[in-house]
1. Based on the mean of other beta carbon atoms within 10 Å per residue, what is the order of 261-270, 201-210, most packed first?
2. Report in % the part of the accessible area of the chain that belongs to carbon and sulfur, leaving out ligands and nucleic acids; probe 1.4 Å.
3. Hey, which of these cross-link pairs are over 28 Å Cα-Cα: Lys274/Lys303; Lys330/Lys378; Lys235/Lys274; Lys235/Lys365; Lys322/Lys392; Lys303/Lys365?
4. Using all Cα-Cα distances in the range 120-279, what percent lands in each 5 angstrom bin from 0 up to the longest?
5. What do you get for Rg/Rh of the range 52-184 when both radii come from the Cα atoms and Rh is the Kirkwood radius?
6. Where does each of 132-139, 287-294, 242-249 land if you order them by average Cβ count within 10 Å, highest first?
7. Quick check for you: with a 1.4 Å probe and neighbouring chains kept, what is the accessible area per residue of the chain, in Å²?
8. Report, in whole Å, the centroid distance computed from the Cα atoms of the range 326-402 and the range 99-119.
Amino acid sequence: MFLKLNLEKPPKPKSLEAAHHLIEEQWRHIKALQAQIEALEASVEALKSRSGCSSRNSSQPPSMDSPAQRHQRRRKPASGRKRGAQPGHKKHERARVPEERVDRFHRYYPDGQCACGGSVVPESAPYARHQLFDLPVVRHTVTEYQSYARTCGACGKQHKARLPHGVPTGQMGPGLISQILLLSGQFHLSIRQIQQFLKTHWQLDFSIGAISQAQGKANPWLGPVYRQIGEQVRKAPLAHADETRHIRGTNQRWLWALVTETLCYFMVHYARGKAAASALLGDFHGYLVTDHYAAYNDVPRDKRQLCWAHLIRHFLRISERKGQAGQTGKRLLLIAHSVFRTHHRHADQPDAHARYQRRMQRLRKSFQATLQAGSELKGAKRTANQCRHLLKDEPLCWTFLQHPAIPLTNNLAERAI
């Protein structure tokens, strides 16, 4: 709501008391206008910040990049070599299936008589084998359960057989329901698309309601397994966490993931705050690798590792600014790349652990000094605030020095989600 001033001739107070009253009124207007200016400046800063966002310099996913931003993505320089496999490249071919797993054989032999008049003796093994992979003609199977009745010859009472325990209810068996769940969950097909697939591929004609009810049967089936996966992931000494938008029908939800090297635990939540993060983590007490999102701030600081890949994208964005802010971003970017190089060298030479620690401590001191200088910048409020915010959480960037198993990035969770 913008304040409107009366731009007519300025009033002329007739007394000292009226002049004081006018000054107080104008002072209130000035304070209100000052608040509006600060709000507008914050909005302009936010719009400027968003206008330059891309997957290169922020957490924005690559799918949201504009065509111009996609054109600006860094491409590997041409190597000057010809396309295709290079000399010394190990050849990769589809391995032949062993003969005991081949379904059908077609054997061909040359003529038994040579042009010279002699007899041709066949060899015991073929000189060439050509295998053809194809799909069989598929058809659904129908199983019918018939229940009979018997009548007592003495009293005439009728006895009816009951279906044994374990016979599925409804008209869909476990294999068909599993196929529906796979098409919906993994391949994200709509119910109508699943209906069309079943009719085209399996010659099955089910209504949309029946397919929807089949999806609902998965909860009691998979619930115990889902909870067991969550319990195992929360007991892990190291895990990765991430979240992303998840559209369910016409409503927006959030898909959360807690990931280890062997297990992925997913949770759909209506919110993206601390309550959702707490529900995801539960009683997890290991090391957690995340981005700099504040929802994970309840994790103990000595147990949380920030993703350096995210930091590099933020530093790249700062480096694209002008003046001292851009110089600060370039310095931070240089330090981050040095951290990766030092970490990779240590992976190749794990015996030089003392040298690795010394180098990392030097980089950390330089990192702290650069953030401190950036937080004191004049005329670069946005950069100063970002440096001040990261300086507060600076210890979270170096948790990986406590244990060699802690990685520098959160790529495991991002790939899973």
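The values are calculated or read from the model by the stated rules, or taken from the named source; none is laboratory data. These figures come from a predicted structure and were not determined experimentally. Cβ: placed from backbone, ideal geometry, glycine included. Neighbour counts: every protein chain shown. Ligands, DNA and RNA are stripped out before the accessible areas are found, and what is left, the full protein with its side chains, is counted by its heavy atoms. Shrake-Rupley method; radii C 1.70, N 1.55, O 1.52, S 1.80 Å.
1. 261-270, 201-210
2. With neighbouring chains kept in place, the figure for the chain is 54 percent.
3. Numbers: Lys274/Lys303 17 Å; Lys330/Lys378 18 Å; Lys235/Lys274 20 Å; Lys235/Lys365 34 Å; Lys322/Lys392 24 Å; Lys303/Lys365 21 Å.
Checking Cα-Cα distances, Lys235/Lys365 exceed 28 Å.
4. Result returned by the calculation: 1, 6, 10, 12, 12, 11, 10, 9, 8, 6, 5, 4, 3, 2, 1, 0, 0.
5. 1.27
6. Going by the mean number of other Cβ atoms within 10 Å, highest first, we get 287-294, 242-249, 132-139.
7. Numbers: 30950 Å² over 417 residues.
Computed with neighbouring chains in place, this is 74 Å² per residue.
8. Measuring centre to centre over Cα atoms gives 70 Å.
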